[in-house]
Amino acid sequence: MCPHFEGPEDAPTAADMFAGCGGMTWGLMNGGFRVVAAWEKADMPRVTYHQHHCEANNIALHSDATDVDATKLPEDLDLLAGGPPCKGFSSAQGETNSDDPRNQLAFSMIEWAAAVEPKLVLIVTGLYHSHRDTLDELTDALSDVGYQVGLLNLNAVNYGVPQTRKRLFILGVRDDITPPDQWEPPRVCNEGV
């Protein structure tokens, strides 16, 4: 079944970078966003994304998220969201690899933020405080292009997902917008805490 966005025409707009098969797009649509464009380079996830999202929702699907081109997004984009690959930061397979070139992909989202100036930026990553230098570099870069930055360590098990999946959410609120009083969303499930 292909999800279809049924929100109002004036719904907030979003772009999904490093979209994979479309999990973030699905979540954004369920959260009331109209996803207008997505980027995914890998062939199989790209085909899946297209079949599940593009035709039913008129989403423009592009390939390489590191190819920054502001003309591919509306000037008044509300949210730039993405989950760049974080395998180089992950210790799930043993040692982390700080030299993994994929570790730099999150920085392309900063380039997009500078080019498009969305109201909000969301970067979801497996980058943790154990990689403090890279995290500081990323948050400083987001701040330097005009965003107030908040960090949230969230575990999917606390939000109704039947698995422990810890992720760092890097949130950027454009400097001309008042940031929220509370950054962390309320938990909907307390199992596995």
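The values are calculated or read from the model by the stated rules, or taken from the named source; none is laboratory data. Quick caveat: nothing in here was measured; it's all calculated off a predicted structure. The accessibility values were calculated without ligands, DNA or RNA, using every heavy atom of the protein model including side chains. Shrake-Rupley method; radii C 1.70, N 1.55, O 1.52, S 1.80 Å.
Structural remarks
- Stretching the chain fully between GLU9 and THR178 yields a gain of 58.4 nm (0.36 nm per residue, less the alpha carbon separation).
- Gain on full stretching of the segment that runs from GLU137 to GLU75 - 0.36 nm per residue minus C-alpha separation: 19.6 nm
- Surface per residue (accessible, 1.4 Å probe) for segment 1-60, Å²: 54 Å²
- Backbone phi angles across segment 151-157, fed through the Karplus curve with coefficients 6.51, -1.76 and 1.60 (θ = phi - 60°), yield HN-Hα couplings of 10, 10, 9, 10, 10, 4, 4 Hz in residue order; Gly and Pro are listed as x.
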